[in-house]
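**Student:** Before I ask anything, here is the structure I am working with.
The values are calculated or read from the model by the stated rules, or taken from the named source; none is laboratory data. Bear in mind the structure is a predicted one, so any value in this text is a computation, not a measurement. Virtual Cβ from ideal backbone geometry, glycine too; neighbours counted across all protein chains shown. Just the protein is used for accessible areas: all its heavy atoms, side chains included, with ligands, DNA and RNA removed. Shrake-Rupley method; radii C 1.70, N 1.55, O 1.52, S 1.80 Å.
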Amino acid sequence: MKSSIKLIMKPKWDEIEKIRNKSSNFLVSQGISNNSIQALTMVISELVENSVKYGKFLSPKNTVIINIHIDENIVTTEVINPVDNTVFKHLKKLDKTIQWIRGFQNPLEAYTERLRVVSKKPLNDEDSGLGLVRIAYEGKAILDFFVSEDNFLNVSALSNS
Amino acid sequence: MNQNFVEIKANLIEGKTTIPIDVKYTSKYSFLIRFLNSNSFKNGAEFSKLIIQMNGRSFELGRCQFLSEPNIDGYAGRLIFINDIYDIESLMFDNKIVRLQNACLNLPLILNLKHNIAESFHKYTANLTYDLSVYKNLFDNLDAEYSKEPEHIRNSLQQTVINTIGREFMGFLDDKLLELEQIIRNFSKDQHKDHGFYFRKQLWNTIICAPFMTRTNLKPRGYAGDSDMMSMIYANDYRGNSTYSKLMHKHPLEQPAAQAVRNRRKIIAKMIRNLNKDSNRGNNKKLKILSVACGPACEIQDVLISTKDCKKFHFVLLDQDRTALYEAARLIDHTEKKLDTKIAVDYLNESVRTMLAAPFLKNKLGQFNFIYSMGLFDYLLPPVASAVIGKLYQLLKPGGQMLIGNFHVSNPSKYYMEYWLDWAIYYRTEEDFKSLLMDAPSADVDLFFEDAGIQMFLHVKKKSKPDFDSKNIQ
Ligand SMILES: Nc1ncnc2c1ncn2[C@@H]1O[C@H](COP(=O)(O)OP(=O)(O)OP(=O)(O)O)[C@@H](O)[C@H]1O
Ligand SMILES: [Mg+2]
């Protein structure tokens, strides 16, 4: 069974809930199990939050694109947003973090390590740095990304449904 | 001076009594205190709470004890905490209450994992741990037997032990691996993750004996398959500071997946040398070669055998890891000295994940006669792998060729790698691999395996003209 959906979102915090609903409706329509839908919706929210937080939306036309693709029992989610040079530092961190998480056969190791570090972080530090490890551990998804030639960041998460 | 070193107003609480004090940050786990209103307390006095007012907020810390230490800058002594251990530094500088015991928060998550472990696996791991400790004892005793001999005698004796009992032990490890596979072969993905985790916790002492296993588990450079691990696979020798360590180091290097890595190095070298022959027929321009995620690029040593070879190629080596590029440069330097010539090489320190947007790719990289990437696609998910391979294809000159490696789903060392080495990669079937090239319709594609039959290669030729002669390759 193959099917996919493309969702487009304005880079605003209050749009995230709508995307959660739309994607979960799509997953329901495809007969995905409740547990998987919960996990996938969490994965999508974390990715979209990051897009809103770190993306560079210089023109009103710039949006966040969410592609969900189901092929047999594999669900691939791609979340795409524009970036520019000023995001470079974050892309480096994203690269490092994703490789670090994927370096563990069991993401529980990355998750507990992050929790330990986070419990020591200052209150005023707004980035808890837990989003990606939650995707890997709670969402059971494998993460990857690339930046396209025309400066669009594409973060993908691959899960078993 | 930082304002966090100044005195701060606080109150100690005991029962219904509030005792005003001044506190000063003095060490990570204690405060200096001064009692106000001419209060005084005996050494060892306990209080139920300390409440600190700081930056307009109130922080409440639990049970504490006064330790009298007269004569420190006019303070009465120190306050230490006896139920919870607070990180005073975090409190003063970050305004956050952190308990040392936070380190235990994860404990239930990790401890409870053992309830997901199959009974047969518990038994397997317990037996293996027992057997390994018996073997370790045996080898350590043998090491001790001849430890007083001169070095060359010691080495020779150790080699004999390795070649005899050592090889028997390796056979035992092989058998245990087969047994492991029997137990876990029907596990789900989640079960593999939990059992792998449990396995490594149980066998940690053995893992850290072996330099190769230690490195694959700890991944000191933040990713699996770094250039040091590659060098160990290529060397395939006995390393470690005891006979037991040496054997545990060598065992994974003899697995089929490691052999496949050694095989692929030869394949690349042969293919590049064949390109070289090909170019004999034509112009004198250097052949441009791009290695993506090059690592130490050891295969180049197998390509450049004569001075004449060196004149024929221009290598561009790309890797995210500076250390790997330094190692590659050292090897190139060595070859230059050995052959007394110069080699054209450019080094690019860039991640493949951000490479497509990198300015150098747009402007000055040019096009290539040959592009190869061996240990990279095993880490790229399909959307990323397609984008990267599509771009690499664009970077080929008409008539140029590309060789991309990926481990096949049937890798017989898969569970060894996952359970012992904590090394999980993205496996592909032939179809998965070929489908990455959807956007290159004018490509001439074939797929083959190295001799161990574990690693696949996608061999892509970009058409130059209709009568392009493709027979010269392989
Ligand atoms: N879409 C993105 N664009 C650029 N950088 C990103 C993106 N997503 C993540 N990152 C980088 O990766 C880091 C880790 O992301 P993660 O989601 O784990 O944590 P966070 O967003 O900082 O905190 P949290 O998700 O817990 O609120 C981020 O701090 C950021 O530097
Ligand atoms: Mg986040």
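**Student:** Kindly provide the set of residues from region B:81-104 that are hydrophobic (A, V, I, L, M, F, W, C), surrounded by 14 or more Cβ atoms within 10 Å (Cβ to Cβ) and in a loop (DSSP other than H, G, I, E, B), ordered by number.
**Tutor:** Across region B:81-104, the qualifying residues are B:I85, B:I97, B:V98.
**Student:** Sticking with this one: Might you let me know whether region A:47-60 holds any residue that is at pLDDT below 95 and within 25 Å of A:S24 (Cβ to Cβ)? Working first, answer last.
**Tutor:** Just the residues of region A:47-60 that are at pLDDT below 95, to begin with: A:58-60.
Now restrict to residues that are within 25 Å of A:S24 (Cβ to Cβ): none.
No, region A:47-60 contains no residue that is at pLDDT below 95 and within 25 Å of A:S24 (Cβ to Cβ).
**Student:** Output the residue which, of all residues in region B:135-152 that are in a helix (DSSP H, G or I) and either charged (D, E, K, R) or crowded, with 18+ Cβ neighbours inside 10 Å (or both), is nearest to the chain's Cα centre (by Cα).
**Tutor:** Taking region B:135-152 first, the residues in a helix (DSSP H, G or I) are B:135-145, B:151-152.
Adding the requirement that they be either charged (D, E, K, R) or crowded, with 18+ Cβ neighbours inside 10 Å (or both) leaves B:135-136, B:139-140, B:142-143, B:145, B:151.
Working: B:Y135: 28, B:K136: 26, B:F139: 29, B:D140: 29, B:L142: 33, B:D143: 31, B:E145: 37, B:E151: 34 Å.
Filtering region B:135-152 for residues that are in a helix (DSSP H, G or I) and either charged (D, E, K, R) or crowded, with 18+ Cβ neighbours inside 10 Å (or both), the one nearest to the chain's Cα centre (by Cα) comes out as B:K136.
**Student:** A follow-up question, please. Search region B:144-169 for residues that are closer than 16 Å to B:G240 by Cβ and pair each with any residue that is polar (S, T, N, Q) and in a helix (DSSP H, G or I) when their beta-carbon atoms are under 8 Å apart and the residues are at least 6 apart or on different chains.
**Tutor:** B:Q158/B:T243; B:V161/B:T243; B:I162/B:T243; B:G166/B:T243
**Student:** Moving on to the next point. Among (1) within 14 Å of another protein chain (Cβ to nearest Cβ); (2) open to solvent by less than 70 Å² (accessible area, probe 1.4 Å); (3) over 30 Å from B:V23 (Cβ atoms), where does B:L107 come up short?
**Tutor:** Status for B:L107: all satisfied but (2).
**Student:** For region A:81-96, what are the residues that are out of contact with any Gly (no Cβ under 8 Å at 6 or more places or on another chain) and within 16 Å of ligand 2 (Cβ to nearest atom)?
**Tutor:** A:K89, A:H90, A:L91, A:K92, A:K93, A:L94, A:D95
**Student:** Checking the structure you have, find out if any residue of region B:366-389 is modelled with pLDDT under 95 and within 14 Å of chain A (Cβ to nearest Cβ).
**Tutor:** yes
**Student:** OK, next. Strands (runs of 3 or more DSSP E) wholly in region A:69-161 with at least 2 residues that are away from ligand 1 (no atom under 12 Å from the Cβ) and β-branched (V, I, T) - which ones?
**Tutor:** On the way: elements: A:74-82, A:142-147, A:152-160.
In region A:69-161, A:74-82 are the strands (runs of 3 or more DSSP E) which contain 2 or more residues that are away from ligand 1 (no atom under 12 Å from the Cβ) and β-branched (V, I, T).
**Student:** Please give the number of the condition A:Y54 fails out of (1) aromatic (F, W, Y); (2) within 10 Å of ligand 1 (Cβ to nearest atom); (3) open to solvent by less than 40 Å² (accessible area, probe 1.4 Å).
**Tutor:** Just one mismatch for A:Y54, condition (3).
**Student:** To continue, here is another question. From B:L177, B:L157, which residue is closer than 16 Å to B:H249 by Cα and assigned to a helix (DSSP H, G or I)?
**Tutor:** On the way: B:L157 fails: closer than 16 Å to B:H249 by Cα.
After applying the criteria, what remains is B:L177.
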